[in-house]
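Heads up, the thing below is written out as structure tokens.
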Amino acid sequence: MVIKPKIRGFVCVTSHPEGCREHVREQIAYVKKQGHISGMPKKFLIIGSSTGYGLSSRVVATVGGQADTIGVFFERPEEDDRPASAGFYNARTLDEYAQQAGLVSESINGDAFSDTCKQRTIELIREKFGKVDAVVYSLASPRRIDPKTGETYRSLLKPIGQPFRGKTVNTDKKEVHEITIEPANEQEIYETIKVMGGEDWKLWMDALKSADVLSDGIQAWAYSYVGPEITWPIYTHGTIGKAKEDLERVSQVITDHLSDLHGKAFIVVNKAVVTQASSAIPVVPLYMAILFKVMKQKVLHENCIQQMDRLFRERLCGEKQMLHDAKGRIRMDDWEMRLDVQDEVKRIWPEITTENLEELSDFAGYQRDFLRLFGFGFDSVNYDADISLSI
């Protein structure tokens, strides 16, 4: 079939198998060009590994460190007349590359919040690894079913305390407009923390430790975001921000629990990049379009794979110059949050309108990155060709 992008709001409901393959190939090629990363853990479990920072982490571990990996994700397989979700093709492509390189690369497609998925993963670790040296937690989900109670919780992007009014962009129509979002109630805050907070991360680490599949010196980290004041009302000071606070709290709880293994859990704060999750946050796509223009002008811009390569290469491995902030987090948003970058973003923000969107921002770059998430926009791919859904 011939596959074209079909966009509904902040989601592309189609994906291109060969384009997704090319997306992963590009990431592999980038890490190869940077060279080998010394001091890399050799056995990785990456929870949330098929797109975004989780996928790029797995690529860097595989290619840069020649590490064996197990990836956990929840993606839709292909059907007779419908392509799989992009993450399904991404994971398959990386598994094929790693296995051809003589590495262990196994994927589990299931609900990472469930006890069943955790048990399947533990059994696979025992079979393939014995134990893991590093656990990366990179889940982003709109809902979670509590494995103990069966109750379903939903995360919401809302301010807390008072309504939020500010600029955003309709990415379909390329229109800048004002948006008002009513504040969350206590139940909505609670549910967002249940989905996006640290509870599931701790359940994973508890299950892995109880099963004795964690190596001595185990490292575990989760990804987060802080962002600038422009986005704070809807993010850092909103429902998601409360969930991230819980994630940070849990990192210390996990560290204490790993003390007998000389292990450590910590948070990595990343820069703003285009992912399926970030595209859903009001205000953030417009902020990113401006940010990308500023950072590209200053030769500071990084995409997912560039950011993760720098994280592993300069902060986690080798000499391990982690550069923690006062809260013990590794700040990979250091270039984004530079004063000269943020001052320029603040200068542009009040001036941007529908009419000057293309001039004052890199909205074209934002859209290009968004389409590439789903395998579209690669020059090497013939999008008019009739292709098989299975790669």
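The values are calculated or read from the model by the stated rules, or taken from the named source; none is laboratory data. The structure presented is a predicted model; accordingly, all values stated were derived computationally and were not measured. Virtual Cβ from ideal backbone geometry, glycine too; neighbours counted across all protein chains shown.
Points to keep in mind about this one:
- Where a residue in the range 285-306 is crowded, with 17+ Cβ neighbours inside 10 Å and its partner, wherever it lies, is part of a helix (DSSP H, G or I) and β-branched (Val, Ile, Thr), with Cβ under 6 Å and at least six apart: Ile290/Val345; Ile290/Ile348; Leu291/Val345; Val294/Val341; Val294/Val345
- Any chance Ala243 is buried (at least 16 other Cβ atoms within 10 Å of the Cβ) and either among the aliphatic types (A, V, I, L, M) or closer than 18 Å to Asp362 by Cα (or both): yes
- Exactly one residue out of Thr116, Thr121 is β-branched (Val, Ile, Thr), surrounded by fewer than 17 Cβ atoms within 10 Å (Cβ to Cβ), out of contact with any helix residue (DSSP H, G or I) (no Cβ under 7 Å at 6 or more places or on another chain) and assigned to a helix (DSSP H, G or I): that is Thr116.
- Residue check, Asp333 buried (at least 19 other Cβ atoms within 10 Å of the Cβ) and either within 16 Å of Gly227 (Cβ to Cβ) or in contact with a Leu (Cβ under 8 Å, 6 or more places away or on another chain) (or both): yes
- Among residues of the range 244-275 being charged (D, E, K, R) and in a helix (DSSP H, G or I), the one that is farthest from Val294 (Cα to Cα) is Asp260.
- Within the range 127-155, considering residues that are of a type outside the set (Asp, Glu) and touching a Gly at 6+ places or on another chain (Cβ under 9 Å), the one nearest to Thr275 (Cα to Cα): Ala140
- For the range 1-113, the helices (runs of 4 or more DSSP H) that sit wholly inside it and include 2 or more residues that are of a type in the set (S, T, N, Q), in contact with a Ser or Thr (Cβ under 8 Å, 6 or more places away or on another chain) and under 29 Å from Ala207 (Cα atoms) are 86-100.
- Qualifying residue in the range 189-201 (condition: in a strand (DSSP E or B) and on the phi < 0 side of the Ramachandran plot): no
- Residue count, the range 372-386 (criterion: surrounded by 18 or more Cβ atoms within 10 Å (Cβ to Cβ) and of a type outside the set (Phe, Trp, Tyr)): 5
- The set of residues from the range 341-366 being touching a strand residue (DSSP E or B) at 6+ places or on another chain (Cβ under 9 Å) and of a type in the set (Asp, Glu) comprises just one member, Glu355.
- Failed condition for Gly48, given (1) surrounded by 15 or more Cβ atoms within 10 Å (Cβ to Cβ); (2) in contact with a Gly (Cβ under 9 Å, 6 or more places away or on another chain); (3) modelled with pLDDT under 95: (3)
- Being free of Cβ contacts under 8 Å to residues at least 24 places away in the same chain, over 30 Å from Gly375 (Cβ atoms) and assigned to a loop (DSSP other than H, G, I, E, B) holds for only one residue in Lys173, Lys148, and it is Lys148.
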